[in-house]
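Remarks on the structure that follows.
The values are calculated or read from the model by the stated rules, or taken from the named source; none is laboratory data. If you're wondering where the values come from, they're calculated on a predicted model, not measured in any experiment. FYI the Cβ positions are ideal-geometry reconstructions off the backbone, even for glycines, and counts take in every protein chain you see. Quick note on the areas: whole protein, heavy atoms, side chains included, nothing else; ligands and nucleic acids left out. Shrake-Rupley method; radii C 1.70, N 1.55, O 1.52, S 1.80 Å.
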Amino acid sequence: MKPALTQILRCLLLLSLSLPLRAQDKAGVFGSVKDASGQALEWVNIAVEGQPGGTSTDRFGYFELEVPAGQPLHLLFSFVGFRSERLPLQLAPGESRTLRVVLQPQSSDLPGFTVIDRRISKISLTRVDPRLVSVIPSAGGGVEALLKTLPGVASNNELSSQYSVRGGNYDENLVYVNDVEIYRPFLVRSGQQEGLSFVNSDLVSSILFSAGGFEARYGDKMSSVLDIRYRKPTRSAGSAMLSLLGASLHLEGTASRDRFTYMMGLRQKSNQFLLRNLETSGQYRPSFTDVQLSLTYDCRPGLEISFLGNYARNAYTVVPESRETDFGTINEAYRFTVYFEGQEVDRFDTWMGALTTAWKPRKHLQLKLIGSAYQAREYETYDILGQYYIGRLETDYGKDEFGNVTDPIGVGAFLNHARNYLTARVVNVEHLGLRERGPHLLQWSVKVQREDIHDEIREWQMLDSAGYSLPHPPDQPGDSSTPAMLVLNDFVRKSIDLSSNRYSAYAQHTWNLSPDSTELSLTAGVRAQYWDLNGQALLSPRATLAYRPDWEARMVFRLAAGLYYQPPFYRELRNPQGEINTGLRAQRSVHLVSGTDYDFRAWGRPFRLVAELYYKFLSDLVPYEIDNVRIRYDARNHARGYATGLDMRVNGEFVRGIESWASLSVMETREDLLDDYYYDAGGQRVEPGYIPRPTDQRVNFGLFFQDYLPRNPTYKMHLNLLFGSSLPFGAPGAPRYQHTLRIPPYRRVDIGFSKQLKEEGVTVGEQNPLRHFNDVWITLEVFNLLQVNNTISYIWVADITNRLYAIPNYLTPRMLNLKLVARF
């Protein structure tokens, strides 16, 4: 972090703590929250309906919260697995009131059943407040913007919702919405094409995230799990958002005496405002549309049917015109200039539907049957001709030519062509069960899945430098009438049809033991999977032990260990030449995680410090390379490796009533390709051994900070800061052990300033158009506040001597965004 920015943040923090926080129009609410059995509930969310901020209960279920005085309001209490409480309240200025709140268990708040989650800290899951999604400043937005600030999570691209976790890649992350697994696009190459992620934050009730060591009930991936729950409405409501980057609308309500509920979300996004400021000028026409529908119907007590549907259309068209990029060092600076012809037209359409039946035949038994189907139709077509030249810049300040090209050193052209079409269908049926009896909780599942892939690949690249095609074709024997041979780079022409079936199951048991005044919890389970394409059967045992001693210092200690297999999906099976390896085995990872949670109070407010130390032993790895967000696999199990590191996060009320946090991660991940070697100058064979993996980002820091004017909390500030150290890369076609270059560190600061135009419960004039809304906010966002040129990838060009030049592709510069949010 830059020193100047550090000083600014310190000043903001000290200023917010030193100014008086209690005005004459404030009152106080204190009390506790317990369940029906009288047990204190920790981390219950408490907020004033329609107003920013809020708090949560501590280990003993206690809370305190400042609320507006002299006006009617409603206090909301919410916690996953319990019915939400909405208490009316009106206090006089300076008045304090004590509340004793009891939350009742509710297993049908969400489609299907929800495990009653009293102690998130006993398992390797982090709870994220979904209300913060609407306020965090980010070019991409969505739930993923919050995840990127958590420890262990890394992202070097604000245009993409993809992220890597503890040295893994984008394909190693599980995402669930209401127990349905979500898939990422197949053909996307860059963040500009990606569009909207699946998760619609307007519909979200709960966000749980694990960076490793997760339970057996979660699927077969090696890095992380994101568990999203959509809420079940209790009344009619809605929201709308309009900004320079797009718009969204959501409606929800109930019918048939609350037996039927519905939620509908519509999103439209266009990155045109962002893309027109990139180095490549041209006509950008991105259009991303998403419609989601969530329905539930209570047939009778204990029996519920729900449906979740989604249609997404991501269209991306660009007609590039020109590009100019300066690169190099102070003493050796170059300018790369390109003039383009042609266009790129991409489209990614996806459909998803899931029908769920949840049945509770007895008090402690819950059963669920889910049938879901997913289909993706993607096409990527482009013909782009680029004619370029590279020149050396004058770097002497004393010369008139300073900053201009004085020495042209290379000219050339390239032609990129693609006609790629892919259709993917995934259909599955899954049964889940849960039985709870006293301190025991048993969960199980059986799942059958069918996958069908059809892929048509037609792509190639031609390079030309000073009139010579690269690679240069060999001389033709015979007379001069023999036609010259044209050699194309990266030529792929394949037609692939792939069908397979997967069978999986898990069983998991949780023992909640509380000897004396301590708390001890053990969760152990096993997953099994069989894939008929490669004939491999897998067994994955996993366990988590949590211990909370009866100390004055409130602490939890966790140990997690498990065997995590990642069976290949279509992307891993295909190598860069378009060839399919149906014998590819599952990648294997052994997780060892040791974690500690420490709850404390500072300045009279709650905080939590979380630290996790981990080691992952990796085997049967499939090596890959990353270009922007495109992952190209080698399609062979010929590497082993490891990932180890330390994650830390402190979160709490740095400013009273609103949550902020800071995260720090230190990590190393390396791999050893089992069949790579070279010969040195003396003719001796050399094996490179362990080399950095493409995701070897040693240090990551994330900060999400909120503040408001103490005497006028309708004015708020939100800061999103990300830092990621350099990533390894190398020249195309070079052996992996030569990928020793490093992309410059990723540094990004986004900031937002908000004003609440309408507060719920505040009466406005009859002529005021805001009278129809409960809550209205307007926000000015500044993206890339420090104007840092972050590099996402490189273009490689060569001259006739075959000298390669790495031209950086920069991300978005500083920009402004205006956003209006209204709730009704």
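Key figures
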| read-out | value |
| --- | --- |
| Scan of region 670-695 for residues that are touching a Phe, Trp or Tyr at 6+ places or on another chain (Cβ under 7 Å), outside any loop (DSSP other than H, G, I, E, B) and either surrounded by 13 or more Cβ atoms within 10 Å (Cβ to Cβ) or basic (Lys, Arg) (or both), ordered by number | 670, 671, 672, 685, 691 |
| Filter pass, residue 659 being closer than 20 Å to residue 146 by Cα and in contact (Cβ under 8 Å) with a residue 24 or more places away in the chain | yes |
| Residue that is nearest to residue 138 (Cα to Cα), among those in region 162-176 that are open to solvent by 10 Å² or more (accessible area, probe 1.4 Å) and in a strand (DSSP E or B) | 164 |
| Residue in region 308-321 that is closer than 30 Å to residue 433 by Cβ and of a type outside the set (S, T, N, Q) present | yes |
| Test: residue in region 409-424 that is surrounded by 18 or more Cβ atoms within 10 Å (Cβ to Cβ), farther than 30 Å from residue 344 by Cα and touching a residue at least 60 places away in the same chain (Cβ under 8 Å) | no |
| When residues of region 655-699 are limited to those that are at pLDDT below 90 and closer than 30 Å to residue 129 by Cα, the one farthest from the chain's Cα centre (by Cα) | 656 |
| All positions within region 592-606 that are at pLDDT below 95, surrounded by fewer than 19 Cβ atoms within 10 Å (Cβ to Cβ) and of a type outside the set (D, E, K, R) | 596, 598, 600, 602, 603, 604 |
| Condition check for residue 336: in contact with a Ser or Thr (Cβ under 8 Å, 6 or more places away or on another chain), in contact (Cβ under 8 Å) with a residue 60 or more places away in the chain, open to solvent by less than 30 Å² (accessible area, probe 1.4 Å) and within 25 Å of residue 282 (Cβ to Cβ) | yes |
| Region 635-646 - residue that is touching a Pro at 6+ places or on another chain (Cβ under 9 Å) and open to solvent by less than 50 Å² (accessible area, probe 1.4 Å) and, of those, nearest to residue 185 (Cα to Cα) | 635 |
| Unique residue being without any contact (Cβ under 8 Å) to a residue 60 or more places away in the chain, more than 24 Å from residue 447 (Cα to Cα) and touching a helix residue (DSSP H, G or I) at 6+ places or on another chain (Cβ under 8 Å) when the list is 239, 248 | 248 |
| Qualifying positions in region 280-321 - under 26 Å from the mean Cα position of the chain (by Cα) and of a type in the set (D, E, K, R) | 285, 290, 313 |
| Residue 132 modelled with pLDDT of 85 or more and either assigned to a loop (DSSP other than H, G, I, E, B) or surrounded by 18 or more Cβ atoms within 10 Å (Cβ to Cβ) (or both) | yes |
| In region 522-556, the residues that are open to solvent by 30 Å² or more (accessible area, probe 1.4 Å) and either more than 30 Å from residue 636 (Cβ to Cβ) or touching an Asp or Glu at 6+ places or on another chain (Cβ under 6 Å) (or both) | 522, 524, 543, 545, 547, 550, 551, 552, 553, 554, 555 |
| Candidates 609, 646 - the one that is at pLDDT below 95, in a strand (DSSP E or B) and of a type in the set (A, V, I, L, M) | 609 |
| Yes/no for residue 420 being modelled with pLDDT under 95, of a type outside the set (Val, Ile, Thr), in contact with a Leu (Cβ under 7 Å, 6 or more places away or on another chain) and closer than 30 Å to residue 323 by Cα | yes |
| Members of region 153-170 that are in contact (Cβ under 8 Å) with a residue 24 or more places away in the chain, in contact with a Phe, Trp or Tyr (Cβ under 8 Å, 6 or more places away or on another chain) and within 20 Å of residue 614 (Cβ to Cβ) | 153, 154, 155, 164, 166, 169, 170 |
| Criterion violated by residue 206 - all others in (1) open to solvent by less than 10 Å² (accessible area, probe 1.4 Å); (2) in a loop (DSSP other than H, G, I, E, B); (3) in contact with a Lys or Arg (Cβ under 6 Å, 6 or more places away or on another chain) satisfied | (2) |
| Test result for residue 728, of a type outside the set (A, V, I, L, M, F, W, C), surrounded by fewer than 17 Cβ atoms within 10 Å (Cβ to Cβ), in contact with a strand residue (DSSP E or B) (Cβ under 7 Å, 6 or more places away or on another chain) and farther than 14 Å from residue 788 by Cβ | no |
| Exclusive hit being surrounded by 17 or more Cβ atoms within 10 Å (Cβ to Cβ), over 30 Å from residue 490 (Cα atoms) and not polar (S, T, N, Q), set 360, 399 | 360 |
| Yes/no for residue 753 being under 14 Å from residue 624 (Cα atoms) and touching a Leu at 6+ places or on another chain (Cβ under 6 Å) | no |
| Qualifying residue in region 477-497 (condition: at pLDDT below 80, within 30 Å of residue 592 (Cβ to Cβ), of a type in the set (Ser, Thr, Tyr) and open to solvent by 20 Å² or more (accessible area, probe 1.4 Å)) | no |
| Residue among 521, 589 that is part of a strand (DSSP E or B), in contact with a strand residue (DSSP E or B) (Cβ under 9 Å, 6 or more places away or on another chain) and modelled with pLDDT of 95 or more | 589 |
| Count - residues of region 343-395 that are closer than 30 Å to residue 412 by Cα and among the aromatic types (Phe, Trp, Tyr) | 4 |
| Within region 226-316, strands (runs of 3 or more DSSP E) holding 3 or more residues that are open to solvent by 10 Å² or more (accessible area, probe 1.4 Å) and of a type in the set (Ser, Thr, Tyr) | 280-300 |
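For every residue, the table says whether it meets (1) within 30 Å of residue 674 (Cα to Cα); (2) under 26 Å from the mean Cα position of the chain (by Cα); (3) touching a residue at least 40 places away in the same chain (Cβ under 8 Å).
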residue: 742; (1), (2), (3): yes, yes, no
residue: 766; (1), (2), (3): no, no, no
residue: 772; (1), (2), (3): no, no, yes
residue: 783; (1), (2), (3): no, yes, yes
residue: 793; (1), (2), (3): yes, yes, yes
residue: 814; (1), (2), (3): no, yes, no
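The rows are residues; the columns are (1) on the phi > 0 side of the Ramachandran plot; (2) aliphatic (A, V, I, L, M); (3) at pLDDT 75 or above; (4) surrounded by fewer than 21 Cβ atoms within 10 Å (Cβ to Cβ).
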{"site": "106", "(1), (2), (3), (4)": "no, no, no, yes"}
{"site": "115", "(1), (2), (3), (4)": "no, yes, no, yes"}
{"site": "142", "(1), (2), (3), (4)": "yes, no, yes, yes"}
{"site": "146", "(1), (2), (3), (4)": "no, yes, yes, no"}
{"site": "153", "(1), (2), (3), (4)": "no, yes, yes, no"}
